[in-house]
Every structure is written in C-alpha cells, then in structure tokens.
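Peer 1: Shown below is the structure under consideration.
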Amino acid sequence: MRLIALTDNQLRAGHGLKWGRVQDDVIPADIAELDFAVAAPIRAALSAAVDRSDLGYPDYTSGTPTQLADLFADRTRRLSGWRPDPRAVEVCAQITQALCCVILAFTRTGDEVLVHSPTYPPFVEAIRSLGRCPLLLPVGNIGDDDLAEAWAAVERVPRLRLIVLCQPHNPTGHVFDLFTLEALAGLAARHDAVVFADEIHSEIVYAGTECHSIASVRTAAERTIVFTSAAKSFNIAGLRCAVGHFGSRELHARFRRLPWHLRSGASALGLAATIAAWESCDSWLDQLRAQLSANRARLMDSMSNFRHVQFTPPAATYLAWIDLRATRVGSDAHGLLLNATKISLQPGSVFGSSLEGFVRLNFGTSEARLELMLERFGRAIETCDGKGRKK
Ligand SMILES: Cc1ncc(COP(=O)(O)O)c(C=O)c1O
C-alpha cells in the first residue's frame with residue numbers, strides 16, 4: 001500500500017472545493033484536503049459497496065455503527081491512551097453539525113461559548129447564527145505571559161456554558177499542553193460548562209509533541225464531548241461520517257433528545273470508508289506522516305530565508321500559519337500573493353477580523369508541488385520586500 005501523489009491533471013479533473021474552482025495556472029493550497037490518492041483499502045471498500053448496490057439507508061441501531069464505535073474506542077486507546085466507552089458513541093454526518101447540535105442541546109440564546117482565536121470559521125458561524133456569543137481566547141498555553149489577561153477575562157464572564165476546543169488547532173497547528181487542558185477543565189468546572197473537543201486533526205502530530213485529549217483529564221472527562229473523523233487524515237471529507245463520545249450518560253441523553261434527523265446522517269459510503277480507514281490503513285498513514293514531516297522541514301527551511309516572515313512550524317496538522325504582517329505584502333496578503341504567485345492561500349481574515357496579514361498554507365501535497373509553491377512564494381516576497389532576505 002503506497003502513498004500516491006495525484007497529478008495536476010487528475011486533481012483538476014475533479015469538482016471539489018480545493019481544485020475544482022481555480023484557474024489552470026493557480027495551485028490551490030487553501031482548503032484542508034490532501035493531494036494524495038485515497039488509500040487502496042478505502043477505495044476497495046467503496047467499490048465493493050457500489051458493486052453490491054449497498055447504498056440504502058444505513059442501519060444506525062446495530063451493525064456498522066456498532067463496529068465503528070468499537071474501532072473508534074480501540075484506536076483512541078492505542079493512539080492517545082484514554083478509554084472511550086463504545087456505548088457512549090454517536091455517529092453524525094459532520095463535526096460542525098455535531099457542534100451545532102451541542103450548542104442547541106447545552107446552551108441558551110445569549111450564552112457565551114468560548115473558542116480560540118484564530119478560529120476555524122464554521123465554529124464562529126455556528127455560534128453566532130444560533131444566537132450565542134463567541135468568546136475569543138487567543139491560542140496558546142496557560143503559561144504564556146501575554147495570555148494572562150485574556151485568561152482572567154474569560155474567567156469573569158457571567159454565562160459561559162460551552163468551551164469549544166480544537167486540539168490540535170486549526171489554523172495554527174498548535175497542540176495545547178496538559179497544563180492548559182487542566183486549566184480549561186478548571187474553567188469549565190467553575191462555570192459548569194460543557195467541553196466540546198474537535199480532534200479531527202489528532203492523527204497528524206509531529207515528532208517531539210505529545211497530543212493529549214481533554215477527555216483524558218480526569219476533572220474534565222464527565223463534561224466532555226469529543227468528536228473526530230477520518231475526513232482530514234484520509235482525505236474523505238465529502239463522504240460525511242463523524243464519530244463522537246459523550247463523557248456521561250446525562251450528556252449523551254440530552255444530545256439524544258434532539259430530533260434524530262438533526263443529529264444523524266452519516267452516509268453508507270462514509271461509514272464503510274471510515275471503517276476501512278481505521279481498520280486497514282495504518283501503513284498508508286505512516287507514509288503520509290513521513291511525507292508531511294519532510295514537507296514541514298522543507299517549509300521551515302524556506303521560511304527562515306525571509307527576515308520579515310514570521311513562522312512557527314505547526315506541531316500538528318498539514319496547515320502552516322504564516323505571519324506576513326511585517327512584510328510589504330501586508331494587509332492584503334491573500335490578494336497580492338494570489339496575483340503574484342498564482343498560489344491560492346487561505347486569507348487570515350477568514351479566521352478572525354484582525355488577522356489580514358496572515359495566510360494559511362496547506363502543505364499536504366507532493367514534494368514537487370510544494371517546491372514549486374515555495375519558489376513562487378519566495379519570488380513574490382522578494383519582489384514586494386526586496387531587502388527582506390536573511391541569507
Ligand atoms: C478543525 C476542523 N473541524 C472540522 C472540520 C470539518 O469537519 P466536518 O466536515 O466533519 O464538519 C475541519 C475541516 O477542515 C477542521 O479543520
């Protein structure tokens with residue numbers, strides 16, 4: 001089972017959000033999808049389901065979801081050491097859908113919902129459109145000096161009912177340390193708030209970092225709902241399948257009181273693909289990790305050439321959060337770079353209103369395409385920023 005990089009022609013022939021909508025001379029590095037072929041066992045499982053015409057309603061009460069719950073519990077135990085109870089597992093179509101459900105089930109209009117800034121945009125959209133108030137806490141660990149005031153401020157809010165934690169964090173690739181998870185657990189306990197942990201990126205963590213789940217923090221476990229999926233690591237986001245775990249029977253029961261059609265909807269193919277991913281694709285995932293690790297090292301090397309570019313390598317994920325505020329590319333980093341480089345990067349402004357000078361670059365691609373992107377990126381920064389080169 002090999003990791004296969006897709007060619008430009010293969011990628012451009014698709015209709016997805018990443019490659020389907022850019023001009024032929026643009027390389028998209030914005031949407032969080034991989035430029036690699038889906039692992040062979042997943043493709044085989046999908047083909048087999050299609051060949052059997054097995055595309056009816058999935059049986060959500062037994063069979064596949066139960067198998068998926070067991071697999072999720074085993075995998076979590078292996079990867080991060082905590083022990084989910086398979087009976088406390090729910091299967092939804094999407095993590096963002098699960099968050100909407102959790103907001104509806106556990107908060108009221110006007111309540112505050114803590115999220116980290118920068119924020120994965122659908123989180124804030126979900127919180128605002130459901131009439132709750134996003135409360136932004138800058139990303140970082142509890143010991144960071146410049147965050148002391150922000151932590152003190154969130155402690156004082158009157159109606160904090162839900163803490164949304166993205167661990168590892170998108171877009172920064174930050175992994176919150178155990179002290180920070182304990183501090184968040186304490187905050188949740190003092191406010192009697194529920195914790196929703198999105199761990200979709202937890203399978204891509206680089207050497208030297210330990211990524212803990214907040215569900216493994218004793219004081220948070222009973223108030224924590226963890227959701228994850230195979231969508232990002234195995235590149236199957238269009239198939240719609242997410243798996244969640246509820247830390248207590250009460251949390252689970254309250255979630256289940258929501259209408260079934262609101263909180264379900266995983267597709268037959270999504271279930272089949274997720275099972276294949278978690279059961280049979282570990283060696284493919286190891287190859288992906290090795291490729292991403294090499295790409296990350298190449299990116300670090302390249303970014304270190306530019307005096308005005310600030311770049312903290314991500315501890316996890318295949319997303320690089322790059323600070324261009326000190327360069328002349330400046331506030332319209334995305335527009336200028338798209339024109340100058342023909343690389344489509346995700347503008348920082350979508351992750352928060354004061355983040356125009358940042359861009360997010362997806363390096364989940366082949367070595368050759370990354371090289372081309374870095375060459376174009378370097379040329380654009382040099383053109384705008386002439387004397388900014390370090391070496
Ligand atoms: C942190 C995070 N959560 C959730 C998602 C999307 O997951 P879903 O489609 O299951 O809502 C993404 C997609 O990039 C993501 O980065």
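Peer 1: Given the structure, is Pro84 buried (at least 18 other Cβ atoms within 10 Å of the Cβ) and either assigned by TED's automatic domain parsing to the domain that holds Leu251 or more than 25 Å from the chain's Cα centre (by Cα) (or both)?
Peer 2: The answer is yes for Pro84.
Peer 1: Of the residues that sit in the stretch 60-79 and are surrounded by fewer than 17 Cβ atoms within 10 Å (Cβ to Cβ) and touching a helix residue (DSSP H, G or I) at 6+ places or on another chain (Cβ under 8 Å), which one is farthest from Glu250 (Cα to Cα)?
Peer 2: Start the filter on the stretch 60-79 by keeping residues that are surrounded by fewer than 17 Cβ atoms within 10 Å (Cβ to Cβ), which leaves 60-63, 66-67, 70, 74, 77-79.
Keeping just the survivors that are touching a helix residue (DSSP H, G or I) at 6+ places or on another chain (Cβ under 8 Å) gives 66-67, 70.
On the way: Thr66: 20, Gln67: 23, Asp70: 21 Å.
It comes out as Gln67.
Peer 1: Right, something else. Taking the options Leu271, Leu292, Leu337, name whichever one is touching a residue at least 24 places away in the same chain (Cβ under 8 Å), over 30 Å from Ser53 (Cα atoms) and within 16 Å of the ligand (Cβ to nearest atom).
Peer 2: Details: Leu271 fails: over 30 Å from Ser53 (Cα atoms); Leu337 fails: within 16 Å of the ligand (Cβ to nearest atom).
Residue meeting the stated conditions: Leu292.
Peer 1: Is there a residue being part of a loop (DSSP other than H, G, I, E, B), assigned by TED's automatic domain parsing to the domain that holds Leu17, surrounded by 15 or more Cβ atoms within 10 Å (Cβ to Cβ) and away from the ligand (no atom under 16 Å from the Cβ) anywhere in the stretch 298-305?
Peer 2: Scanning the stretch 298-305, I find at least one residue that is part of a loop (DSSP other than H, G, I, E, B), assigned by TED's automatic domain parsing to the domain that holds Leu17, surrounded by 15 or more Cβ atoms within 10 Å (Cβ to Cβ) and away from the ligand (no atom under 16 Å from the Cβ), so the answer is yes.
Peer 1: Please tell me if Leu239 is modelled with pLDDT of 95 or more and more than 14 Å from the ligand (Cβ to nearest atom).
Peer 2: Answer is no for this residue.
Peer 1: Kindly evaluate Leu361 against the criterion of being outside the structural domain of Asp54 (by TED's automatic domain parsing), closer than 30 Å to Ala40 by Cβ and assigned to a strand (DSSP E or B).
Peer 2: yes
Peer 1: Just the residues that are touching a residue at least 24 places away in the same chain (Cβ under 8 Å) and either in a loop (DSSP other than H, G, I, E, B) or farther than 10 Å from Ala93 by Cα (or both), please, taken from the stretch 239-255.
Peer 2: Arg240, Cys241, Gly244, His245, Phe246, Gly247, Ser248, Arg249, Leu251, His252, Arg254, Phe255
Peer 1: Within the stretch 94-121, how many residues turn out to be of a type in the set (A, V, I, L, M, F, W, C) and near the ligand (Cβ under 10 Å from one of its atoms)? Before you say what the answer is, go through the steps one by one.
Peer 2: Taking the stretch 94-121 first, the residues of a type in the set (A, V, I, L, M, F, W, C) are 95, 98-106, 113-115.
Those still in the list that are near the ligand (Cβ under 10 Å from one of its atoms) too: 95, 98-100.
Of the residues in the stretch 94-121, 4 are of a type in the set (A, V, I, L, M, F, W, C) and near the ligand (Cβ under 10 Å from one of its atoms).
Peer 1: Against the conditions (1) at pLDDT below 95; (2) in the same structural domain as Val26 (by TED's automatic domain parsing), where does Tyr318 fall short? Just the number, please.
Peer 2: Unmet condition: (1).
The values are calculated or read from the model by the stated rules, or taken from the named source; none is laboratory data. On a predicted model such as this, the values are computed, not experimentally measured, just so you know. Backbone-built Cβ (ideal geometry, glycine too); neighbour counts: all protein chains shown.
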